[in-house]
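Here is the structure we will look at, set down as structure tokens.
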Protein chains: 2
Amino acid sequence: MQIEQPGFAPGPRRIVIVGGVAGGMSAAARARRLDEQAEIVVLEQSDYVSFANCGLPYHLSGEIKDRDALLLNTPESLGAALALDVRTGSRVTAIDRAAQTVSVTTADGTYTLTYDALLLSPGAVAVRPPIDGLDHPAVHSLRTIPDLDALDEHVTRLGRDRARAVVVGAGFIGLEAVEALVARGLEVDVVELADHVLPPLDAELAPLLADELRAHDVGLYAGVSARAITPGTDSAVDVALSDGTTLSADLVLVNVGVRPATRLALDAGLEVGPTGAVRVDADQRTSDPHIWAVGDAVEVIHAVTGAVGPVPLAGPANRQGRRAADSMLGRRTTPRAPVLGTAIVRVFGLTAAVTGANQRTLARAGIPHEVVRIHPGHHAGYFPGAEQIHLVASFAPDGRLLGAQAVGRAGVDKRIDVLATALRADMTADDLAELELAYAPPYGSAKDPVNMLGFVAQNALDGTTPQWHPTDLDDVLADTLVLDVRTTAEFDRGHVKGAMHIPHTELRARLAEVRAAAAGRPVSVHCGSGVRSHIATRVLLADGLDARNLSGGWLTLTAVRPDLVA
Amino acid sequence: MQIEQPGFAPGPRRIVIVGGVAGGMSAAARARRLDEQAEIVVLEQSDYVSFANCGLPYHLSGEIKDRDALLLNTPESLGAALALDVRTGSRVTAIDRAAQTVSVTTADGTYTLTYDALLLSPGAVAVRPPIDGLDHPAVHSLRTIPDLDALDEHVTRLGRDRARAVVVGAGFIGLEAVEALVARGLEVDVVELADHVLPPLDAELAPLLADELRAHDVGLYAGVSARAITPGTDSAVDVALSDGTTLSADLVLVNVGVRPATRLALDAGLEVGPTGAVRVDADQRTSDPHIWAVGDAVEVIHAVTGAVGPVPLAGPANRQGRRAADSMLGRRTTPRAPVLGTAIVRVFGLTAAVTGANQRTLARAGIPHEVVRIHPGHHAGYFPGAEQIHLVASFAPDGRLLGAQAVGRAGVDKRIDVLATALRADMTADDLAELELAYAPPYGSAKDPVNMLGFVAQNALDGTTPQWHPTDLDDVLADTLVLDVRTTAEFDRGHVKGAMHIPHTELRARLAEVRAAAAGRPVSVHCGSGVRSHIATRVLLADGLDARNLSGGWLTLTAVRPDLVA
């Protein structure tokens, strides 16, 4: 590793940073650690810098008791530790690239500030959905400290009795807000335009979240939009949905996503891509050599699809800030890794997490892939307290991991972090099979769920055990024999209509029955989760039958096709 | 991926597997799934197959209530599901390689069994340390179900009142046994020949475990050996230690490690390496083309050092079994990955975990490395319940990760699994810095501890912030100015004698004082964990001083040099 790169003039200089959260503040701190002489000015339009954006729902819920805990640093603490000149209430209204100046508006007036290097970290702005009545005082958002204060004050004013909230948008922050409002004693309905909650999650995993929401008395309206908010009785409002439903609410929280805040960049003539995000190079530099940009407002490259667009995640923003500081001070920058979109959310007792490309993205991008699904315990089954993890992963035909998703009550974050690391390393099913993860009974299994994903993918990809998928069910019913190899007790609790039933332990003795029933058709085997039917499929294949195993078993099938449950 | 490899004769064949736990049973199950026609005979000398070896301490403690939970499968269940011919109480006494037969001894006599393919999974045997009196009935081991039954019966017989146990050997299983015996109400002393508990752990992390043991009233005798066990008063024994101490005990548990069980292989003339483990190729095949071997008895290659020897871990054993089955049935085998030695143990409320090479191993192997140490919270600090993780990692001069270790109350397993995955992928400090791990406040931080390791290693390796290390203290005191930049309150609670104290927020204003005190000497900066002193070191370097930052800060320094604590 080398330290300095040539070509940057030494001597006094001024670095101006627009936006004092996440990426902007990471850049400011790194810049100071690299350059003790530079003047570093951070201009933040709000009254708060370096606040814990991701913590807002958890103060609303009361889990983070002290509001000040969200304020990680203040202008004073940043001045003392890092000699930063942090100016809140300072909005940058224009950039003069030729003069290398920004125009700053404060409560006291307007001034111009020159820069040697400018970093834009403007973040994102909330998307304003086409709903009539969004200006009603009962309608809130949850992006900033003032948003939080207003919402918190409103909830406190309502008290706990019979107050109702409608949350519009069931993405990551929307779901955190739902949980927070329930914790505050409100009756909550959530409305999601997509056909399931947490749209980045594969549809087959979403029912687990829906069940968890319903178990906490949350009303769920998916596949519909909010159309209008109108005054109701007392101080309440009526929220009219696209399906004709009207929900009464004492407060409405709208959280339908964000878009890059790029007005400043556009006005300055910086290059902006078709997704509306600022174009940057591998060093975070914009089309102007004196201007860098980071965070929710800039383009990133998706690791799996190669798609270019913004990604509103704190982790990448922080690392971009560090890279931008290295670049503007002429240092070797850490090679930029494409973005995986790793994200996680707690929904009451469940955790849902994703990394890489989901099935819908792969299908839309036309990327060939095989999906594998397992439902293992989060640690050894013989150790008390093992919680089931529902784990889905997609692999390219050559075995390369493309994406993974998981939902469960424990151990979800660990597996997704391991898989995110594996994705970064371009690992294959073979590599996952050989990962050597920490095993003792309280923590995992000798064959960790991640190893199991590798094993199952190897078997599916090399033809050892061909798969069928829950979405194939109609074709499977039309053209094949469905063979259920679960126990009689399991079969009696619910099964596919018309399925043949032979417990897997009896299969070898009853092959003639299967052969007769199949009558030349393929045999579509399933069990509860895919383990016993894997053995059964191998038995049938060895007998010369055209057999395949249901990926994910009855557990996934009934999530995808709830109409099947008797 | 391709399925079949040429050169293996189809048709009926018999696979004989010696040893019915972990690797042996993984091989048997995989072989059946691949070949429905083969006769598969599993010969197990004990009365139990497929039992949860790693679960024994947790049934002893009572945490796993049902003893049957440890018996994952029975000969009957394996016969029904996988058509395996499992024979317990069947000891293989000899292999005739020319005739391709094994001699089997049972309670009913002896017979000979032919094989087409033979798999040896004999496991390891407990090392019998040179202690007089090991045959006393109060002395136990904990490797098998009968061991567990005897120990459990003994503990039950003792009752809870004032019973005392001595555990000899504070490795992974020894520490689990200590916890179990404490849970059963015994007063426990633990004796470890190495100079600290859990010898694979770096010495600097061991004091955390020692403190946790003492907090549970466990007596700790490290750096000493047990010499003799002699009858004491009543049914108790006296355990004489090498330092002259005598410990009274109602029971003694000896667990000082294992060695490969290779008598059978040696007698058969199979190649055995200098460490006493059976030599195998990348397909687990021994020097005889019809014999494969897996598990604790075989050689593996260490991923970091390239050292060859046995590793008694369940995960590798299971994967080796699967590979051996693929190989003996002519399948493409999963490419063998070298072993990282990933391991984990719960010690009361703490978790300790390791992967890759530790500092002692790197030093002995003469592998140049830089050690970095951090003490972050396991999730965002502003979210309640953040527990400190003590994380140590070593990097090659080119930035490649070589090993990592962690101790803490939460989130340890996740970070070590991520780092084990990173090790497998030959990742560097740059790669760790760019890992995109799942972040929401209950799970991690926008800059995860693993990212932080990468940042700190980058700064240390590229010279941005040179480090000094706790073990350098004597030289540092002799030749440099020690500058403590913590707060006055922290300084007053304990500090290095002779250290200069300037809080980091005052440093820029007091540089002249530092310059005067240094008088041309280097300045060795430290704070509590290394964060504030990183900033301070950069300030001093910018001022032209020769400054460096204490890796791990006061937290690691006082663990390594407890004599410093006032």
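Things worth noting here:
- Of the residues making up the stretch A:333-350, those that are more than 7 Å from chain B (Cβ to nearest Cβ) and assigned to a loop (DSSP other than H, G, I, E, B) number 6.
- Out of B:G530, B:G552, B:G520, sole residue that is under 24 Å from B:V456 (Cβ atoms) and either open to solvent by 70 Å² or more (accessible area, probe 1.4 Å) or within 14 Å of chain A (Cβ to nearest Cβ) (or both): B:G530
- Every condition in (1) within 14 Å of chain A (Cβ to nearest Cβ); (2) open to solvent by 30 Å² or more (accessible area, probe 1.4 Å); (3) at negative phi holds for B:G544 except the one numbered (3).
- Selection of the stretch A:280-316 for residues being free of Cβ contacts under 8 Å to residues at least 40 places away in the same chain and either within 14 Å of chain B (Cβ to nearest Cβ) or among the small types (G, A, S) (or both) yields A:S287, A:V300, A:I301, A:G306, A:G309, A:V311, A:L313, A:G315, A:P316.
- Candidate set from the stretch B:62-79 (those that are of a type in the set (G, A, S) and open to solvent by less than 40 Å² (accessible area, probe 1.4 Å)); member that is modelled with the lowest pLDDT: B:A69
- Note on the stretch B:471-501: residues that are touching a strand residue (DSSP E or B) at 6+ places or on another chain (Cβ under 7 Å) and under 30 Å from B:D398 (Cβ atoms) amount to 2.
- Set B:D326, B:D296: member being farther than 30 Å from B:E204 by Cβ, among the acidic types (D, E) and in contact with a helix residue (DSSP H, G or I) (Cβ under 9 Å, 6 or more places away or on another chain): B:D326
- Complete set of residues in the stretch A:344-360 that are under 13 Å from A:L205 (Cβ atoms) and hydroxyl-bearing (S, T, Y): A:T351
- Taken over the stretch A:89-140, residues that are more than 20 Å from A:P75 (Cβ to Cβ), open to solvent by less than 50 Å² (accessible area, probe 1.4 Å) and among the hydroxyl-bearing types (S, T, Y) amount to 3.
- Annotation: of all residues in the stretch B:30-48 being more than 32 Å from the chain's Cα centre (by Cα) and β-branched (V, I, T), the one that is surrounded by the most Cβ atoms within 10 Å (Cβ to Cβ) is B:I40.
- From the options A:D189, A:D238, A:D243, A:D250, residue that is within 27 Å of A:Q405 (Cβ to Cβ) and either surrounded by 24 or more Cβ atoms within 10 Å (Cβ to Cβ) or modelled with pLDDT of 95 or more (or both): A:D189
- Check on A:A277, more than 14 Å from chain B (Cβ to nearest Cβ), buried (at least 21 other Cβ atoms within 10 Å of the Cβ), of a type in the set (A, V, I, L, M, F, W, C) and more than 23 Å from A:R424 (Cβ to Cβ): no
The rows are residues; the columns are (1) open to solvent by 10 Å² or more (accessible area, probe 1.4 Å); (2) under 25 Å from A:H469 (Cα atoms); (3) among the polar types (S, T, N, Q); (4) out of contact with any Lys or Arg (no Cβ under 8 Å at 6 or more places or on another chain).
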{"residue": "A:L329", "(1), (2), (3), (4)": "yes, no, no, yes"}
{"residue": "A:A337", "(1), (2), (3), (4)": "yes, no, no, no"}
{"residue": "A:V345", "(1), (2), (3), (4)": "no, no, no, yes"}
{"residue": "A:F348", "(1), (2), (3), (4)": "yes, no, no, yes"}
{"residue": "A:Q359", "(1), (2), (3), (4)": "yes, yes, yes, yes"}
{"residue": "A:P368", "(1), (2), (3), (4)": "yes, yes, no, yes"}
{"residue": "A:I374", "(1), (2), (3), (4)": "yes, yes, no, yes"}
{"residue": "A:G385", "(1), (2), (3), (4)": "yes, no, no, yes"}
{"residue": "A:V392", "(1), (2), (3), (4)": "no, yes, no, no"}
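- Within the stretch A:479-497, the only residue that satisfies the criterion of being open to solvent by 70 Å² or more (accessible area, probe 1.4 Å) and part of a loop (DSSP other than H, G, I, E, B) is A:K497.
- A:G356 falls short of the stated requirement of being touching a strand residue (DSSP E or B) at 6+ places or on another chain (Cβ under 9 Å) and closer than 27 Å to A:V218 by Cα.
- Just so you know, in the stretch B:445-463 the residues that are outside any helix (DSSP H, G or I) and more than 7 Å from chain A (Cβ to nearest Cβ) include one that is nearest to the chain's Cα centre (by Cα), and it is B:D448.
- Among residues of the stretch A:142-152, those that are among the small types (G, A, S) and either in contact with a Gly (Cβ under 9 Å, 6 or more places away or on another chain) or surrounded by 18 or more Cβ atoms within 10 Å (Cβ to Cβ) (or both), counted: 0
- When A:V155, A:V104, A:V167, A:V86 are checked against the criterion of being part of a strand (DSSP E or B) and under 30 Å from A:V218 (Cα atoms), a single residue qualifies: A:V167.
- Hey, A:L419 within 12 Å of chain B (Cβ to nearest Cβ), within 28 Å of B:A457 (Cα to Cα), open to solvent by 10 Å² or more (accessible area, probe 1.4 Å) and outside any loop (DSSP other than H, G, I, E, B) or not: no
- Only one entry of A:R400, A:R409, A:R424 meets the criterion of being more than 11 Å from chain B (Cβ to nearest Cβ) and closer than 21 Å to A:R360 by Cα, and that entry is A:R400.
- Hey, B:A222 over 26 Å from the mean Cα position of the chain (by Cα) and surrounded by fewer than 20 Cβ atoms within 10 Å (Cβ to Cβ) or not: no
- Within the stretch B:64-75, not a single residue is more than 14 Å from chain A (Cβ to nearest Cβ) and not in a helix (DSSP H, G or I).
- Candidate set: the stretch A:12-59, residues that are part of a loop (DSSP other than H, G, I, E, B), of a type outside the set (D, E, K, R) and facing chain B (nearest Cβ under 9 Å); chosen: the one nearest to B:A433 (Cα to Cα): A:A22
- Residues satisfying the stated conditions in the stretch B:365-409, i.e. within 22 Å of the chain's Cα centre (by Cα) and free of Cβ contacts under 8 Å to residues at least 12 places away in the same chain: B:G366
The values are calculated or read from the model by the stated rules, or taken from the named source; none is laboratory data. All of these numbers come straight from a predicted model, not from anything done at the bench. Reconstructed Cβ throughout: ideal geometry from the backbone, glycine too, with neighbour counts over all protein chains shown. Heavy atoms of the whole protein, side chains included, go into the accessibility calculation; ligands, DNA and RNA do not. Shrake-Rupley method; radii C 1.70, N 1.55, O 1.52, S 1.80 Å.
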